[in-house]
Amino acid sequence: MGLADVVFKKQAWSVKSVKSAKPHSCKKIRIISGRNSPDYSYGISAPRKNPEETGKAIINIWNERVNIALDKYDYIRTVMLIRNMKTLEFTLFETETNKFVPGEYEWKINKKNNLEGINKVNKEHKFTWQPSGGQFTIIYSYIPASAVRFRIKKPLLLDFEKIIEKIGFQKNWVTIKE
């Protein structure tokens, strides 16, 4: 339920990662931000019946999670790692963990029967909520220029036998039970 994945004194970070074919140049990412149940929190048992009411409840659940973190910590930020494990390319950045104003978004049901929150001013798709599992996704359409973009050189494979020899391994270090 909490957002504080990493804590240091009175500071907290939520840590997220997302796959991308091109982590150094992607412009938009979708971050899974938890599960929200408007039925449990607000008694909304038919979430598609009134998408606006459900959307406001979903944002309010998110905002309350941020409030809970801020009650305990001086601030909460989100660290995002965009990764491609095949190319070993990564982009890392940090941003404020924001609360959202429910009235700034309109909600509709999309082709996959999920709810989408659209910003009323710039018409950007900002949220997706999947009623089947209550998964809440926030879309970040800005990757800062200050993000750290890096590549890891693939390490050479170690020779197992040479390593065993160098550490002075002896067979009596291991006992196999029968």
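Of the residues 81, 92, 157, which is out of contact with any helix residue (DSSP H, G or I) (no Cβ under 7 Å at 6 or more places or on another chain), at pLDDT below 95 and not in a helix (DSSP H, G or I)?
Step by step, each of 81, 92, 157 is checked, and only 157 is out of contact with any helix residue (DSSP H, G or I) (no Cβ under 7 Å at 6 or more places or on another chain), at pLDDT below 95 and not in a helix (DSSP H, G or I).
Would you check if residue 171 is closer than 27 Å to residue 22 by Cβ and surrounded by fewer than 17 Cβ atoms within 10 Å (Cβ to Cβ)?
no
State whether one or more residues within the range 85-100 are among the aliphatic types (A, V, I, L, M) and closer than 14 Å to residue 29 by Cβ.
Checking the range 85-100: at least one residue is among the aliphatic types (A, V, I, L, M) and closer than 14 Å to residue 29 by Cβ.
Quick check on residue 122: is it more than 19 Å from the chain's Cα centre (by Cα) and of a type outside the set (Phe, Trp, Tyr)? Lay out the reasoning, then the answer.
On the way: more than 19 Å from the chain's Cα centre (by Cα): yes; of a type outside the set (Phe, Trp, Tyr): yes.
When the stated conditions are applied, residue 122 passes them.
Could you run through the range 40-97 and say how many residues are under 15 Å from residue 137 (Cα atoms), more than 17 Å from the chain's Cα centre (by Cα) and of a type in the set (Ser, Thr, Tyr)?
Residues in the range 40-97 being under 15 Å from residue 137 (Cα atoms), more than 17 Å from the chain's Cα centre (by Cα) and of a type in the set (Ser, Thr, Tyr): 1 in total.
With (1) surrounded by 15 or more Cβ atoms within 10 Å (Cβ to Cβ); (2) closer than 25 Å to residue 144 by Cβ as the list, and residue 25 as the residue in question, which single condition is left unmet?
(1)
Among what's in the range 7-25 and is hydroxyl-bearing (Ser, Thr, Tyr) and under 17 Å from the mean Cα position of the chain (by Cα), pick the residue that is farthest from residue 74 (Cα to Cα).
The residue in question is 20.
What are the residues in the range 28-75 that are under 22 Å from residue 5 (Cβ atoms) and among the hydrophobic types (A, V, I, L, M, F, W, C), if any?
29, 31, 32, 58, 59, 61, 62, 66, 68, 69, 70
The values are calculated or read from the model by the stated rules, or taken from the named source; none is laboratory data. Not measured: the values here are computed from a predicted model. When we count neighbours, we look across all protein chains shown, and the Cβ atoms used for this are built from the backbone with ideal geometry, even at glycine.
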